[in-house]
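Here the structure comes first, spelled out in structure tokens, and everything after it is commentary.
The values are calculated or read from the model by the stated rules, or taken from the named source; none is laboratory data. Since the structure is predicted, the reported quantities are computational estimates derived from the model, not experimental observations. Note that each Cβ is placed from the backbone with ideal geometry, even for glycine, and that neighbours are counted across all protein chains shown. Areas reflect the complete protein model, heavy atoms only, side chains present, ligands, DNA and RNA absent. Shrake-Rupley method; radii C 1.70, N 1.55, O 1.52, S 1.80 Å.
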Amino acid sequence: MDKRLLPQRKLAEAKSMRRALLEQLDRLMALIPGAMKGYAPDPVLLHGDLWSGNMAVDAQGKPTLFDPAVYFGDAETDLAMTRMFGAPGEAFYDAYHHAIAVREGHVLRRNLYDLYHWLNHFNLFGVIYLGQVESALNAALAELG
């Protein structure tokens with residue numbers, strides 16, 4: 001949280017995000033440590049920018065990924081991002097979850113990972129992404145009760 005959401009939150013405040021939204025974000029960030037307590041996934045190499053525009057199938061029918069921004073982290077991070085800009089379809093997720101089981105709390109984590117990326121898009125590209133920030137924030141807060 002301190003390395004991902006907090007810096008994005010600070011940038012959002014500098015970009016004049018609505019005070020009420022910043023306060024909701026602060027409330028969420030106060031709840032995250034308790035909600036994530038005990039969750040310690042093994043880090044994996046992530047693509048880092050895994051959305052439909054960075055996926056293709058080559059002429060031989062082999063899946064291909066490009067334009068990586070690699071780092072190590074939770075595998076669910078890339079999985080969450082695949083749903084942000086045109087998901088690859090249920091067969092993709094069925095195959096993924098056949099290999100790697102769905103873990104308890106994955107909906108909350110997906111909302112948190114989405115929130116980070118939507119905040120980043122808000123900070124880079126402006127108010128056009130404010131609705132997505134608000135939706136991801138509300139979804140994460142709803143998951144926490």
query = How far is helix 130-143 tilted, in degrees, relative to the longest principal axis of the Cα atoms in the chain, given as a value from 0 to 90 rounded to the nearest 10?
reply = 90 degrees
inquiry  = If you count only protein heavy atoms with a 1.4 Å probe, what accessible area per residue comes out for the chain, rounded to a whole Å²?
reply    = 59 Å²
message = Explain nothing, just compute: Karplus ³J(HN,Hα) = 6.51 cos²θ - 1.76 cosθ + 1.60, θ = phi - 60°, for every residue of region 106-119 in order, whole Hz, x for Gly and Pro.
response = 5, 5, 4, 4, 4, 5, 5, 5, 4, 4, 4, 5, 5, 4
task = With label points built 7 Å along Cα→Cβ from the Cα atoms of Ser52 and Leu124, find their separation and express it in nm.
result = 1.8 nm
request  = For the chain, just the Cα atoms, rotate onto the principal axes and tell me the three extents in Å, largest first.
outcome  = 51, 34, 24
query = Across region 81-86, in residue order, what do the Karplus-derived ³J(HN,Hα) couplings come to in whole Hz, using 6.51 cos²θ - 1.76 cosθ + 1.60 with θ = phi - 60° and x for Gly and Pro?
reply = 5, 4, 8, 6, 10, x
q = 0.16, 0.24, 0.26, 0.28 Å⁻¹, region 51-118: log10 I(q)/I(0) [Debye, one scatterer per Cα] = -0.61, -1.31, -1.45, -1.52
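Share of the chain's accessible area from carbon and sulfur, percent, 1.4 Å? Please report the intermediate quantities before stating the final value.
Details: 4980 of 8510 Å².
Percent of accessible area from carbon and sulfur atoms in the chain: 58.
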Cα-centred dipole magnitude for the chain, charges only on beta-carbon of K, R (+1) and D, E (-1), debye, nearest 20 = 480 debye
